[in-house]
Amino acid sequence: MPEIDPLIHPPARLQLMTTLTAVTEAEFVTLREALGVSDSVLSKHVSALAAEGYVASRKGVVDGRRTTWVSLTKAGDRALRGHVAALRALIEAVD
Amino acid sequence: MENMAALPSDPTSDLAAAEAARQRLTGSLRLPSWFHTSLAVAVAVQIATAAYGIAEQSGPPMLVLVAGVLVFLAVAGVQVARFRRLNGVKVDGLVSRAVLGNSPRSSLLYGAGFGGAVWAGLEGPPWVAGLAAAAGGAGYAVSSWLWWRAYVQDPARHARAESWATRAVYGAVAVAALCVLVAFR
């Protein structure tokens, strides 16, 4: 029985991790625009998820400017699938 | 109480918002200009030069064959870099499936064009080799376009590439096949 993952529970983190399933890596700025959050909010969520090994971030350079690339890890992918399954089970139970 | 605190207030809207965020990202992704056209031309050039290199004897034709491969790799590398710069994302599935053609459909279309061009280079008139190379390039580009359409509709399913081991096997098979063709021409 899948369980709700408290780390992915905040909607912004669920959105962040779901968005990352569409790509291999995304630039911090790209994610910020897709999620419609501020730098500091996104940075906090990325740090929290990275601390648990759900996402990975690394510094890089694009066209001479420094950037941060963020990706979903295998552990994060598994956790996300479990969390989404738990949410769907909850919805079905309510329905 | 902890479990209750962890329960989402509205799981339906949470999931919908997450899906909307993903769609926002994939909906904003754009392919670089001339993406499919440049791939079609690069593959056609690669097939034509390979057919010429295989059909002719040693010397300059072999250099032409290598040059054709380099042209394809250069076009592929430039288009992948442009995609990343344009969108701020990396998508391994795009590189593997749409650009390098690691899909059954791309392989089949490429193989048909390549086989036809090599046959024509050895046995038939040169214009048939050119036609087969052009058809192979066009088929490859169509396959790439179909992959892109499928990716935009279901990004999570198509974003990943196959494993490095699988890609290494594909590469080894392609190089081995080319070596056999050159050796037994």
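Coordinate-derived values only; no laboratory data. Bear in mind the structure is a predicted one, so any value in this text is a computation, not a measurement. FYI the Cβ positions are ideal-geometry reconstructions off the backbone, even for glycines, and counts take in every protein chain you see.
For chain B, the longest principal axis of the alpha carbon atoms and the long axis of helix B:35-55 meet at an angle near 30°.
Apply the Kirkwood formula to the protein assembly as shown: the hydrodynamic radius equals the inverse of the mean of 1/r over all pairs of different alpha-carbon atoms; give it in Å with one decimal.
Values: mean 1/r = 0.0476 Å⁻¹.
Every distinct Cα pair counted, the radius reaches 21.0 Å.
On the basis of the beta-carbon distance and an R0 of 22 Å, A:Ser43 and A:Thr73 show a calculated FRET efficiency of 0.80. Computed from Cα positions, the angle between helix B:60-87 and the longest principal axis of chain B comes to roughly 20 degrees. Taking the longest Cα principal axis of chain B as reference, the axis of helix B:104-122 is set at about 10 degrees. Dipole magnitude for the protein assembly as shown: computed about the Cα centre from +1 point charges on Lys and Arg Cβ and -1 point charges on Asp and Glu Cβ, it is near 680 debye. Membrane-span-like helices in chain A (whole DSSP H runs, Cα extent of at least 20 Å along the helix axis, mean Kyte-Doolittle hydropathy of at least -1.0): A:74-94.
Can you pull the mean other chain C-beta count within 10 Å for peptide A:58-69?
Values: counts 0, 0, 0, 0, 4, 1, 0, 0, 0, 1, 0, 4.
The mean count of partner-chain Cβ atoms within 10 Å per residue comes to 1.
Look at the stretch B:20-29: the mean tally of other chain Cβ atoms within 10 Å of its residues' Cβ atoms is 6.
For the residues of B:79-92, the average number of beta carbons from a partner chain within 10 Å of their own beta carbon is 4.
For segment A:11-89, what is the convex hull (Cα atoms) projected area averaged across all directions, in square nanometres?
Details: hull surface 20.7 nm².
Dividing the Cα hull surface by four gives the mean projection, 5.2 nm².
From its DSSP helices (H runs of at least four residues, each -39,500 (n - 2.57)), chain B gives a residue-normalised ellipticity at 222 nm of -26000 deg cm²/dmol. Each Lys and Arg contributes +1 and each Asp and Glu -1, all at the Cβ; summed about the Cα centre of chain A, the dipole is approximately 340 debye.
Once you charge only the Cβ atoms, +1 for Lys and Arg and -1 for Asp and Glu, what is the size of the charge dipole of segment B:58-185 about its Cα centre, to the nearest 20 debye? Could you put the intermediate results ahead of the total?
Numbers: 11 positive and 4 negative charges, 96 e Å.
Roughly 460 debye for segment B:58-185.
Of B:Leu63, B:Leu100, B:Leu73, which has the largest mean-square fluctuation in a 10 Å C-alpha GNM of chain B? Comparing B:Leu63, B:Leu100, B:Leu73 in the GNM, the peak value goes to B:Leu63. Gaussian network model of chain B, Cα springs within a sub-10 Å range: biggest mean-square fluctuation belongs to which of B:Val99, B:Val43, B:Val69? For chain B, modelled as a Gaussian network with Cα springs under 10 Å, the answer is B:Val69. For the pair A:Arg66 and B:Asp154, a Förster radius of 41 Å applied to the C-beta separation gives a FRET efficiency near 0.80, rounded to the nearest 0.05.
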